[in-house]
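Q: Right, I'll just put the structure down here and ask away after.
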Amino acid sequence: MDISAGIQASLAGRYAVALFELAAEHGTVTAVESDLETLEAALRESADLRQVTTNPELSRKAQGAAIEGVASVLGLSQLTQKFLAVLAQNRRLSALPDMIRAFQTIAAAQRGEVTAEVTSAHALSDEQLATLKDKLTAREGRTVKLKPSVDPDLLGGLVVTIGSQRIDGSIRTRLNSLANAMKG
């Protein structure tokens, strides 16, 4: 497995690599990836859960018990639950969002996919997303998985981020460029 040195160099990356290797060994990469997506959504939606994972005043035992309860309620697999317990024991729950992103990157690379974060001023229709996915797949030469989000401040257009590449076709950026050109 070829994993970029950038991922391996970070703390979150090392944990993600270890989890990926264990999941691959047990044939549960898809299940763990699904667990992590569920956990990512829970972290995004719950301020209390974010507080539990980032509060340095909570003891290891308290963080472990809380994250165990959350994992049980979310129905996460045994491997994911054990991983979360290790994170709580090592006081690394605060890096969980970075670990999730690193794991998703590793899993996508293993499948020959690349993730494109697509930000638009308004929610895109399924047809628009499918067209965009086809065009990005043709451009990248490999399967593209879209991660859409909405930012009304863009006014219109799209901002597409694939790895370290950013394609900014937003009206906000065009207006800012025009304003700078008129100043100068």
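Q: Kindly count the pairs of lysines across the range 23-159 whose alpha carbons are less than 22 Å apart, treating pairs on different chains or eight or more residues apart as eligible. Let's see the in-between values first.
A: Values: Lys61/Lys82; Lys133/Lys145; Lys133/Lys147; Lys135/Lys145; Lys135/Lys147.
Lysine pairs satisfying the spacing and distance rule in the range 23-159 number 5.
Q: Compute the angle between helix 29-45 and the longest alpha-carbon principal axis of the chain, please, reported from 0 to 90 degrees and rounded to the nearest 10.
A: Rounded to the nearest ten degrees, it is 70.
Q: Counting only DSSP beta bridges with both residues in the chain, tell me the antiparallel percent, nearest 5. Mind dumping the intermediate values first?
A: Values: 9 of 17 bridges.
Antiparallel: roughly 55 percent of the beta bridges in the chain.
Q: Something else about it: How much FRET efficiency would the formula 1/(1 + (r/R0)^6) give for Arg91 and Lys183, where r is the Cβ-Cβ distance and R0 is 41 Å, rounded to 0.05?
A: In this case the efficiency is close to 0.25.
Q: Under a Cβ-Cβ cut-off of 14 Å, what is the net charge of the residues other than Ala85 that fall near it, where Lys and Arg count +1 and Asp and Glu count -1? Write out the running numbers ahead of the final one.
A: Details: positive: Arg60, Lys61, Lys82, Arg91, Arg92; negative: Asp35, Glu68.
Spelling it out: positives minus negatives among the neighbours equals +3.
Q: Under a point spin-label approximation (7 Å from Cα along Cα-to-Cβ), what is the Thr137-Arg174 distance to one decimal in nm?
A: With each label point 7 Å from Cα toward Cβ, the separation is 2.8 nm.
Q: OK, next. To the nearest 10 degrees, how steeply does helix 126-140 sit against the main Cα axis of the chain, on a 0 to 90 scale?
A: Once rounded, the angle reads 90 degrees.
Q: Next question. In the chain, carbon and sulfur make up what percent of the accessible area (probe 1.4 Å)?
A: On the way: 5660 of 10900 Å².
Whole-percent figure for carbon plus sulfur exposure: 52.
Q: Then there is this: Give the residue from Ile106, Ser77, Leu129 lying farthest towards the positive end of the charge dipole for the chain; charges sit on Cβ (+1 for Lys and Arg, -1 for Asp and Glu) and the dipole is referred to the Cα centre.
A: It is Ile106, whose Cα lies furthest towards the positive end.
Q: To the nearest 500 deg cm²/dmol, what mean residue ellipticity at 222 nm is calculated for the chain from DSSP H runs of n ≥ 4 alone, each contributing -39,500 (n - 2.57), summed and divided by the residues?
A: Per the formula, -20000 deg cm²/dmol.
Q: Taking the Cα atoms of the range 44-184, report the difference between the largest and smallest coordinate on each principal axis, in whole Å and largest first.
A: Between the extreme Cα coordinates on each principal axis of the range 44-184 lie 58, 38, 26 Å.
Q: A further question on this structure: First select every other residue whose beta carbon is under 13 angstrom from the beta carbon of Asn55; then total the charges, Lys and Arg +1, Asp and Glu -1.
A: Net local charge, Asn55 excluded: +1.
Q: Please give the helix 96-111 orientation as an angle from the longest Cα principal axis of the chain, in degrees from 0 to 90, rounded to the nearest 10.
A: In the chain, helix 96-111 runs at an angle near 70 degrees to the longest axis.
Q: Quick one: Debye curve from the alpha-carbon atoms of the range 105-165 only, equal weights, vacuum; give me log10 I(q)/I(0) at q = 0.13, 0.21, 0.26 Å⁻¹ to two decimals.
A: -0.34, -0.81, -1.11
Q: Accessible area per residue, 1.4 Å probe, Å², for the range 55-137: what's the number?
A: Per residue, the range 55-137 has an accessible area of 55 Å².
Q: When the convex hull of the Cα atoms of the range 46-118 is projected onto a plane and the area is averaged over all directions, what value comes out in nm²?
A: 5.8 nm²
The values are calculated or read from the model by the stated rules, or taken from the named source; none is laboratory data. Only a predicted model underlies this, so the values are computations on that prediction, with no experimental measurement involved. Ideal geometry is used to build each Cβ from the backbone, glycine not excepted, and the neighbour counts take in all protein chains shown. Surface accessibility is based on the protein's heavy atoms, side chains included, excluding ligands, DNA and RNA. Shrake-Rupley method; radii C 1.70, N 1.55, O 1.52, S 1.80 Å.
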